[in-house]
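Notes follow once the structure below has been shown.
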Amino acid sequence: MKELITIAIGASIGGSLRHLITLVSPRLHLNGILISNLIGCFCMGYILSSEKIPATWKPILTVGVLGGLTTFSSFAAQSLELIQQQKFWHLCSYLFVSVGIGILCCYLSFKVTQIFKL
């Protein structure tokens, strides 16, 4: 239960950071979501590979803070894991389903909401 609470606190920090980035980024003529995703991916790689970060902090930082900052970093980490395991077929299907079917689901829900005025 303690880990769940600390992950939730981390997620609120990450979500607040994402919101701050999206507020500041237009002033810099940047895409806030893209910046959040790239920062999250960079940090995910560091956290997963660093031996300096205690194992007990990794879920708080990855699932919590980076999960709140962006879910794209978790997507990148899972893709990296498949590359490291040399499961390239799994990687291709994971990428196709996550991106292709994910966008299709978003489009379908958008259309259903418009059609039924939900």
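Tabulated data for the structure shown
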read-out: Test: ALA77 is closer than 25 Å to LEU4 by Cβ and exposed (fewer than 12 other Cβ atoms within 10 Å of the Cβ); value: no
read-out: Filtered residue count, the stretch 20-44, keeping only those that are at pLDDT 90 or above and exposed (fewer than 14 other Cβ atoms within 10 Å of the Cβ); value: 4
read-out: Number of positions in the stretch 34-73 that are of a type in the set (Gly, Ala, Ser), over 14 Å from ILE7 (Cβ atoms) and part of a helix (DSSP H, G or I); value: 5
read-out: Among residues of the stretch 1-22, those that are out of contact with any Leu (no Cβ under 6 Å at 6 or more places or on another chain) and touching a residue at least 12 places away in the same chain (Cβ under 8 Å), counted; value: 13
read-out: Residue in the stretch 88-118 that is surrounded by the fewest Cβ atoms within 10 Å (Cβ to Cβ), counting only those that are small (Gly, Ala, Ser) and closer than 20 Å to PHE72 by Cα; value: GLY100
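The values are calculated or read from the model by the stated rules, or taken from the named source; none is laboratory data. Computed from a predicted model, the values in this text were never measured in an experiment. As a convention, Cβ positions derive from the backbone with ideal geometry for all residues, glycine included, and neighbour counts pool all protein chains shown.
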